[in-house]
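Visitor: Could you have a look at this structure, given as structure tokens, before my questions?
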């Protein structure tokens with residue numbers, strides 16, 4: 001039995017982000033990759049949709065320039081032959097402020113021939129925005 005593509009991609013991505021070695025991702029991302037991180041693009045310009053390897057590598061560079069990963073824990077995972085779905089909790093540090101960030105996300109990936117062809121990431125943005133602005137967001141009560 002061979003290793004699932006998710007494990008290889010996940011190790012390479014975390015190493016590339018923390019060590020700022022984005023070129024290590026070149027051989028595991030498809031030329032026509034379709035990538036989207038759903039969240040507040042105005043606050044986090046590396047969120048949003050991207051298409052193509054060059055655009056995705058640039059997003060990874062931007063992420064690496066902004067955060068450092070300390071720890072991550074997969075809360076749940078489902079693996080298909082060439083796909084995966086994960087719920088992940090991250091402990092990060094914002095590099096500009098040295099501020100700790102706790103982040104929870106759902107990640108959906110598809111692979112072909114061992115390369116990433118599609119990534120969708122849904123982030124618990126309410127909690128992330130509260131941490132980024134440094135105070136709770138008070139919403140009106142809905143009856």
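Visitor: Quick one: is residue 108 within 13 Å of the chain's Cα centre (by Cα), farther than 19 Å from residue 15 by Cβ and either outside any strand (DSSP E or B) or modelled with pLDDT of 90 or more (or both)?
Guide: When the stated conditions are applied, residue 108 passes them.
Visitor: If you don't mind, another one. Which of the residues belonging to the range 15-31 are within 20 Å of residue 52 (Cα to Cα) and touching a strand residue (DSSP E or B) at 6+ places or on another chain (Cβ under 7 Å)?
Guide: Correct list: 17, 28, 29, 30.
Visitor: Looking at residue 12, is it free of Cβ contacts under 8 Å to residues at least 24 places away in the same chain, within 14 Å of the chain's Cα centre (by Cα), loosely packed, with under 14 Cβ neighbours inside 10 Å and within 18 Å of residue 118 (Cβ to Cβ)?
Guide: Judged against the criteria, residue 12 is not a match.
Visitor: Considering every residue within the range 25-33, establish whether at least one is under 15 Å from the mean Cα position of the chain (by Cα) and not in a helix (DSSP H, G or I).
Guide: Yes, the conditions are met somewhere in the range 25-33.
Visitor: Does residue 119 fit the bill of being touching a strand residue (DSSP E or B) at 6+ places or on another chain (Cβ under 7 Å), surrounded by fewer than 16 Cβ atoms within 10 Å (Cβ to Cβ) and within 23 Å of residue 49 (Cβ to Cβ)?
Guide: It is false that residue 119 is touching a strand residue (DSSP E or B) at 6+ places or on another chain (Cβ under 7 Å), surrounded by fewer than 16 Cβ atoms within 10 Å (Cβ to Cβ) and within 23 Å of residue 49 (Cβ to Cβ).
Visitor: Within the range 15-47, which residues are free of Cβ contacts under 8 Å to residues at least 60 places away in the same chain and in contact with a helix residue (DSSP H, G or I) (Cβ under 6 Å, 6 or more places away or on another chain)?
Guide: Listed by number, the residues that qualify are 16, 17, 20, 22, 24, 25, 31, 46.
Visitor: Any residue at all in the range 35-55 that is over 14 Å from residue 109 (Cβ atoms), part of a loop (DSSP other than H, G, I, E, B) and at pLDDT 95 or above?
Guide: yes
For every residue, the table says whether it meets (1) under 23 Å from residue 117 (Cβ atoms); (2) in contact (Cβ under 8 Å) with a residue 40 or more places away in the chain; (3) surrounded by fewer than 12 Cβ atoms within 10 Å (Cβ to Cβ).
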residue	(1), (2), (3)
49	yes, no, no
52	yes, no, no
58	yes, no, no
66	no, no, no
71	no, no, yes
75	no, no, yes
79	yes, yes, no
96	no, no, yes
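The values are calculated or read from the model by the stated rules, or taken from the named source; none is laboratory data. This one's a predicted model, so the numbers in the text were calculated from it and none came from an experiment. No Cβ is skipped: glycine too gets one built from the backbone with ideal geometry, and neighbour counts run over all protein chains shown.
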